[in-house]
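The values are calculated or read from the model by the stated rules, or taken from the named source; none is laboratory data. All values reported here derive from a predicted model rather than from experimental measurement. All Cβ positions, glycine included, derive from the backbone under ideal geometry; neighbour counts span all protein chains shown.
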Amino acid sequence: MNDHFPQRPLRQAILLALTLLAGACTPVEALWTPADTPRKVTVERAESAARLPATRNNRLAPADTAQLRRLIEELGEPPRTRVTIALPAGAEQDQAVPVVRALAGFGVDPANITVAGQPGGDAGPVRGIAVTAELYAAVPPRCPDWRRTVMDDNSFRPSSNFGCANANNLAVMLADPGDLAAPRRMGPADGAAQEAAVNRYKANTVTPLKASSTVLTGASQQ
């Protein structure tokens, strides 16, 4: 029994050496990869929809008004909620007026309400008014991220925490996170102003730029 006892420390030393050798062979990419940077803000989308009958006399039935209220309250943030009102094919735009009025009364910004027409499918036009509300939320990245050591390892790679604070601040400052998912629609172009600019260009009557001079401040003048 005593003959085997001296071999135990040697065996443990060999196992420890093999373990350290295997750990040294683990590539850095197993713990961190360049794909982790730069940090990005994740945009999540919640949607709620309802279908209303066509309006008459620019009025909504009490049940339809209550349905719109539930639609907006379900998302929880009316000022940031975007709403699309899809009218039946061939319907007059004024059918959306009572819907817009009700949504504005529930706190929805009228600038976030879009009125469009429903495309007709193979089964014919869809009856009723389709109302879709959507709300976007910005989820900041998990900061700080020190998975990779800040010590110089001669890899010339950025830190795993690189850009984390900037992305986190952007997520907090966004008024409408939906702007990261898709840009808002541009308003109608001023055709008259654009036409006048083209005509001035063709007639060679473009207003020349004013001459400007560079003034150096803080330098001594002699």
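Answer yes or no: is there a residue in segment 188-196 that is under 18 Å from Ala137 (Cα atoms) and either of a type outside the set (Ser, Thr, Tyr) or without any contact (Cβ under 8 Å) to a residue 40 or more places away in the chain (or both). Scanning segment 188-196, I find no residue that is under 18 Å from Ala137 (Cα atoms) and either of a type outside the set (Ser, Thr, Tyr) or without any contact (Cβ under 8 Å) to a residue 40 or more places away in the chain (or both), so the answer is no.
Report whether or not Ala17 is modelled with pLDDT under 75, out of contact with any strand residue (DSSP E or B) (no Cβ under 6 Å at 6 or more places or on another chain), of a type outside the set (Phe, Trp, Tyr) and within 30 Å of Asn168 (Cβ to Cβ). Judged against the criteria, Ala17 is not a match. Candidates are the residues of segment 89-106 that are surrounded by fewer than 14 Cβ atoms within 10 Å (Cβ to Cβ) and in contact (Cβ under 8 Å) with a residue 12 or more places away in the chain; the one that is farthest from Val131 (Cα to Cα) is Gly90. When segment 128-160 is limited to residues that are of a type in the set (S, T, N, Q) and surrounded by 11 or more Cβ atoms within 10 Å (Cβ to Cβ), the one that is modelled with the highest pLDDT turns out to be Thr132.
Contact map, segment 158-173: residues that are without any contact (Cβ under 8 Å) to a residue 24 or more places away in the chain paired with residues that are among the aliphatic types (A, V, I, L, M) and buried (at least 18 other Cβ atoms within 10 Å of the Cβ), Cβ distance under 8 Å, separation 6+ or inter-chain. No pairs are found. Taking Asp109 as the residue in question, decide whether it is out of contact with any Phe, Trp or Tyr (no Cβ under 7 Å at 6 or more places or on another chain), modelled with pLDDT under 90 and surrounded by 10 or more Cβ atoms within 10 Å (Cβ to Cβ). No; evaluated as a whole, the condition is false for this residue. Does Ala86 meet the test of being over 23 Å from the mean Cα position of the chain (by Cα), surrounded by 19 or more Cβ atoms within 10 Å (Cβ to Cβ) and assigned to a strand (DSSP E or B)? So Ala86 passes the test.
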